[in-house]
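K.L.:
Sharing a structure below in structure tokens format, with a few things to ask.
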Amino acid sequence: MNEQNEVKGGIPANYGGRLSSVLDVTTKDGNNQRYQANGGVGTIFSRLTLEGPLVKNKASFLISGRRSYIDVLAKPFLSNGLEDSRFYFYDLTAKVNYATQKDKFFLSTYIGDDLFYAANAFGVKWGNSTATARWNHVYNKKWFSNVTYYYSRYRYNLEFTNGGGDLSFNWTSYIYNNSLKADFKYYQNSKNEWGFGGSSTYYTDRKSTRLNSS
């Protein structure tokens, strides 16, 4: 479903000065000719992808999701108050695209969470949510631009509960990212091309701590 390009060293400037490594993931466009569905059922998780045209030859959609079910399989073997334990991951990806002769528009989102919760003991949950709007424009045979706005939210949650349930601690942290990026390319000839652009990112965060006792 995705194309991946990993950069471990000598990171190009168009990735915004990352220090360590970059994993560039590009979600494929949905099929704009016919409807399709594919998926799989495994021993740990299952997946399903739906795609098809919104306007034939111009617009399409793609929706894909996965979920593990280790918690469901393990539940019959849990006892002593652990029956309500949950441990799983899931993710959901959706994309819509529309194309004209010189323009392409994309809207996409990703939601994913990992959860490990032992009933009446402790729990940890973390995940990401993102939304992206992108516009590609061809000015002529030599000039091309790509403008992208994206939002992301990272969440981390940690909680502890004593066995009697009369004392609990909950800590949650969020990191928000709003970014605008513009890239331009100039194709001088078949052997030379020029690329330049800029980006701006605004980070915010929020933390909360709660201690309950009875």
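K.L.:
Heavy atoms only, probe 1.4 Å: what % of the accessible area of the chain goes to carbon and sulfur, would you let me know?
P.N.:
Of the solvent-accessible surface of the chain, carbon and sulfur hold 56 percent.
K.L.:
Calculate the tail of P(r) for the chain: the fraction of all Cα-Cα distances greater than 29 Å, expressed in %.
P.N.:
The calculated P(r) of the chain puts 45 percent of pairs beyond 29 Å.
K.L.:
If you take the beta carbon distance between Tyr203 and Val147 as r and set R0 to 25 Å, what does 1/(1 + (r/R0)^6) give as a FRET efficiency, to the nearest 0.05?
P.N.:
Rounded to the nearest 0.05, the efficiency is 0.75.
K.L.:
Please give the net charge around Tyr186, taking every other residue with its beta carbon less than 12 angstrom from that of Tyr186, where Lys and Arg add +1 and Asp and Glu add -1.
P.N.:
+1
K.L.:
Which ³J(HN,Hα) values in Hz, rounded to whole numbers, follow from the phi angles of segment 181-186 under the Karplus curve 6.51 cos²θ - 1.76 cosθ + 1.60, where θ = phi - 60° and Gly and Pro get x?
P.N.:
After applying 6.51 cos²θ - 1.76 cosθ + 1.60, I find 9, 10, 10, 10, 10, 10 Hz.
The values are calculated or read from the model by the stated rules, or taken from the named source; none is laboratory data. Because the structure is a prediction, the values reported are computed rather than measured. No Cβ is skipped: glycine too gets one built from the backbone with ideal geometry, and neighbour counts run over all protein chains shown. What goes into the accessible areas is simple: the full protein's heavy atoms, side chains included, and nothing from ligands, DNA or RNA. Shrake-Rupley method; radii C 1.70, N 1.55, O 1.52, S 1.80 Å.
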